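Colleague: Quick one: the structure is below, questions incoming.
The values are calculated or read from the model by the stated rules, or taken from the named source; none is laboratory data. Note that the structure is a prediction, hence the values are computed from the model and not measured. Neighbour counts run over all protein chains shown; Cβ positions are idealised from the backbone, glycine included. These area figures cover heavy atoms from the full protein model, side chains too; ligands, DNA and RNA do not enter into them. Shrake-Rupley method; radii C 1.70, N 1.55, O 1.52, S 1.80 Å.
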Amino acid sequence: MSGDVTNLARVRERVEAAALANGRSAVDVRLLLAVKTVDATRIRALLEASGHTLIGQNRAQELTATEPELAGVPHETHFIGHLQSNKVNAVMRWVDCVQSVHSARLAERLDRAAAARGRDLEVFVQVNTSGEPTKAGADPDEAGDLAAAVGALEHLRLRGFMTIGANSPDPGRVRGSYEDLAKVRDAVVGAGAPGTADARELSMGMSGDLEVAIAAGASMVRVGSGVFGARD
Ligand SMILES: *Cc1c(COP(=O)(O)O)cnc(C)c1O
């Protein structure tokens, strides 16, 4: 457990160093803890010991099992995995943001589920910037239309864009995929469709490449194994 606290402090130092190296301020890059496969007791202990508040879950079932055990611990939960439509209602009860909106259909379902709970939901549009078929997300050329469709929905608040970087040993390719997300964001905000003015966030970068993502403008990096160790 104390190992997690130490690892988290190290990752925070990496984030700060990368921000400063790029002439940015450390507070401009948020750190999201990707907690998939980590049990609730361990998450709870880390949040309590560190004061960290931002976590991300990939699977609806894990989310709904974990959240009741985090009751009373101040935190914000983002959904960052593939969201099936039949899980939208279950997820809606617990999340502050869904970062993985990849289709207008999913956005409409989220909008209806938010309305049914009498709330608004923050969302990011997920973009497949690597072109890898195994990765989720809208194509970069379709992301603008999707963002405009999301912006038009009454109960969704579009806050930005998310991507999983290219899986490549070539830092140039990885960086290219992150720069492409920044271009999508700039084009959307520049086009000025209703409901897109606040879509400034760039959620990109993981344990292995967060420095590359921060250099390309990440406002949020998502870190799992760098804190919790390798998943089995
Ligand atoms: C697991 C995961 C991460 C974190 O990856 P690590 O390499 O463990 O830091 C980030 N984003 C998403 C969507 C993930 O599923």
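Colleague: Could you tell me whether Ala114 is more than 16 Å from the ligand (Cβ to nearest atom), in contact (Cβ under 8 Å) with a residue 40 or more places away in the chain and open to solvent by less than 10 Å² (accessible area, probe 1.4 Å)?
Modeller: Numbers: more than 16 Å from the ligand (Cβ to nearest atom): yes; in contact (Cβ under 8 Å) with a residue 40 or more places away in the chain: yes; open to solvent by less than 10 Å² (accessible area, probe 1.4 Å): yes.
Here the answer is yes, as Ala114 does meet what is asked.
Colleague: Name every residue in region 48-83 that is within 20 Å of Met220 (Cβ to Cβ), in a helix (DSSP H, G or I) and either touching a residue at least 40 places away in the same chain (Cβ under 8 Å) or touching a Pro at 6+ places or on another chain (Cβ under 8 Å) (or both), in order of residue number.
Modeller: Ser50
Colleague: Out of the residues in region 30-41 meeting the condition of being more than 15 Å from the ligand (Cβ to nearest atom) and not in a loop (DSSP other than H, G, I, E, B), tell me which one is surrounded by the fewest Cβ atoms within 10 Å (Cβ to Cβ).
Modeller: The qualifying residue surrounded by the fewest Cβ atoms within 10 Å (Cβ to Cβ) is Thr41.
Colleague: Hey, does region 3-21 have a residue that's assigned to a helix (DSSP H, G or I), open to solvent by 70 Å² or more (accessible area, probe 1.4 Å), within 15 Å of the ligand (Cβ to nearest atom) and out of contact with any Gly (no Cβ under 9 Å at 6 or more places or on another chain)? Can you show your working first?
Modeller: Of the residues in region 3-21, the ones assigned to a helix (DSSP H, G or I) are 3-21.
Retained after the next criterion (residues that are open to solvent by 70 Å² or more (accessible area, probe 1.4 Å)): 10, 12-14, 16, 20-21.
From the residues that got through so far, the ones that are within 15 Å of the ligand (Cβ to nearest atom) too are 10, 12, 14.
Those still in the list that are out of contact with any Gly (no Cβ under 9 Å at 6 or more places or on another chain) too: 12.
Yes, region 3-21 contains a residue that is assigned to a helix (DSSP H, G or I), open to solvent by 70 Å² or more (accessible area, probe 1.4 Å), within 15 Å of the ligand (Cβ to nearest atom) and out of contact with any Gly (no Cβ under 9 Å at 6 or more places or on another chain).
Colleague: A further question follows. Step by step: first the residues of region 138-172, then only those that are at pLDDT below 95 and surrounded by fewer than 18 Cβ atoms within 10 Å (Cβ to Cβ), then the one that is nearest to the chain's Cα centre (by Cα). Which residue is that?
Modeller: It comes out as Asn167.
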